[in-house]
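Reviewing the structure listed below.
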Protein chains: 2
Amino acid sequence: MNFAIKLSYLGTNYSGWQLQPNVPTIQGAMQNAVKKIFCKELTVHGCSRTDAGVHAMEYVCSVFDAPSFDAKKIPLALNTYLPCDISVSSAVSVPEDFHPRFSALKKEYIYKIYNSRIRDPFSVDRAYMYKRPLDEIKCREIASQFVGTFDFASFMAAGSTVTDTVRTIYSFDAWREGNEVFFKVCGDGFLYNMVRIMVGTIINSCEGKITQSIGDIISAKDRTLAGQTMPACGLYLNKVFYDNNYFE
Amino acid sequence: MNFAIKLSYLGTNYSGWQLQPNVPTIQGAMQNAVKKIFCKELTVHGCSRTDAGVHAMEYVCSVFDAPSFDAKKIPLALNTYLPCDISVSSAVSVPEDFHPRFSALKKEYIYKIYNSRIRDPFSVDRAYMYKRPLDEIKCREIASQFVGTFDFASFMAAGSTVTDTVRTIYSFDAWREGNEVFFKVCGDGFLYNMVRIMVGTIINSCEGKITQSIGDIISAKDRTLAGQTMPACGLYLNKVFYDNNYFE
């Protein structure tokens, strides 16, 4: 059987999703737990390689050719064997052609900033602390300039080997809730560090450190014109969209 | 000069407020930071001894006979020398007779429960995970029975040496926000573990494990009739009230 599994995790103590030797990873923790409940070594395929320290609200992964199992019982069974900073919320049987990464139509990320002169102990590792006043209305206006289909080469981390750098951003919003400023961006896919560089560019534009328009920076296809890469701690993979609502 | 200092902290990594040898404490961290900015060893007096793992939103402490210092500059100065899970939000000059503990008129605590079959990675160490359905309407009804002036000996941890066990509870509310259930209690003072035992008694009553009324348990002055002591991780010292609004 093939199962799609939805989970959330606090990424602070992990070197990202992808399995690597000698460091804790989400994929590694999932594969350990999957082995316990299916009594079989199975590869757990992820929807995205999240970086070290990045969090996820509704991450989707899958296992292929798993032994028969009641999908409804998978969450509590896996949670028994997972550390408490990873939690499986649901699991469903999916068709053979489902792949959490290749079947994904859209992905949504949230970037969270704690904006106050005084830091918040409860937001450490869960939001980026930004002390100067941040104008969320201006942030939203700049964010909206990313919406559309463009070559986002300027917003890809240097060293990435991806050659097709055209992506579509469907929406990019920013708003404030008390001292917290949120960015939410939805696209058909994202280049390496793209969300963190886009948010960094918005912040640097608000600060006056960047004066070129987003359109001009996109056109230039030059990473050096875009802003800083924001720290991982504020980034959340929020949701992944498929053509079927498998989880409903 | 005498200063009152307001701070918040995530208590997870501390053995409570009170200074003890060889373990991290909030008081110890504060005294280290105070020494750095005043260039003098000073005792930092707290409003309450919070237990290991208990958090605080608006804790109040004070220093007596400190060298002259611009109170407005104290928060950022102290935060420079404090670990990131402790944060000073404000400081004011106070009269000589102010004491954060003895001048306190009321204290308010919040107890936070994450109530879902599926645990939440973001609430670990910040709320108590409770899997069975919890009826917050019933919780509120039971909580309201604690309001008044009573001898709360039944709700004091065994072994405490306090002899005057009469306290006044001004309000005790419970409500739900999504999967989170909150308890908020305000009183003129609390016995050792009293908030955690009161919340445990409410939960055990909802579960049917306790059938006696709160009034009967109070009257009995018998700790064995009250409920379990809830874990420290869900408890927050929320606010301390004084006759003057020193911080406004």
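The lone criterion from (1) open to solvent by less than 10 Å² (accessible area, probe 1.4 Å); (2) at positive phi left unmet by B:Ile202 is number (2).
Look at region B:111-127: where a residue is over 15 Å from B:Trp175 (Cα atoms) and a partner is part of a helix (DSSP H, G or I), sitting 6+ places away or on another chain with Cβ atoms under 7 Å, you get B:Ile118/A:Pro75; B:Arg119/A:Asn79; B:Asp125/B:Thr12; B:Asp125/B:Cys233; B:Arg126/B:Cys233. For first residues located in region B:63-81 and touching a residue at least 24 places away in the same chain (Cβ under 8 Å), partners that are open to solvent by 10 Å² or more (accessible area, probe 1.4 Å) and acidic (Asp, Glu) and lie 6+ apart or on another chain with Cβ distances below 6 Å do not occur. Just wondering, is there one or more residues in region A:139-151 that are buried (at least 19 other Cβ atoms within 10 Å of the Cβ), over 24 Å from A:Lys209 (Cβ atoms), in contact (Cβ under 8 Å) with a residue 12 or more places away in the chain and away from every other protein chain (no Cβ under 14 Å)? The answer is no, given that none of the residues of region A:139-151 is buried (at least 19 other Cβ atoms within 10 Å of the Cβ), over 24 Å from A:Lys209 (Cβ atoms), in contact (Cβ under 8 Å) with a residue 12 or more places away in the chain and away from every other protein chain (no Cβ under 14 Å). Checking every residue in region A:228-241 against the condition of being on the phi > 0 side of the Ramachandran plot and either in contact with a strand residue (DSSP E or B) (Cβ under 9 Å, 6 or more places away or on another chain) or surrounded by fewer than 21 Cβ atoms within 10 Å (Cβ to Cβ) (or both) gives zero matches.
Residues in region B:28-53 that are touching a residue at least 12 places away in the same chain (Cβ under 8 Å), more than 12 Å from B:Leu82 (Cβ to Cβ) and out of contact with any Gly (no Cβ under 6 Å at 6 or more places or on another chain): B:Phe38, B:Cys39, B:Lys40, B:Leu42, B:Thr43, B:His45, B:Gly46, B:Cys47, B:Ser48, B:Arg49.
So which of A:Ala153, A:Ala143, A:Ala157, A:Ala174 is modelled with pLDDT of 95 or more and within 17 Å of the chain's Cα centre (by Cα)?
A:Ala174
Selection of region B:116-136 for residues being of a type in the set (A, V, I, L, M, F, W, C), more than 13 Å from chain A (Cβ to nearest Cβ) and in a helix (DSSP H, G or I) yields an empty set.
The values are calculated or read from the model by the stated rules, or taken from the named source; none is laboratory data. These numbers come from a predicted model, not from an experiment. Because the Cβ atoms are built from the backbone with ideal geometry, glycine has one as well, and the counts that use them run over all protein chains shown. With ligands, DNA and RNA removed, areas are computed over all heavy atoms of the protein, side chains included. Shrake-Rupley method; radii C 1.70, N 1.55, O 1.52, S 1.80 Å.
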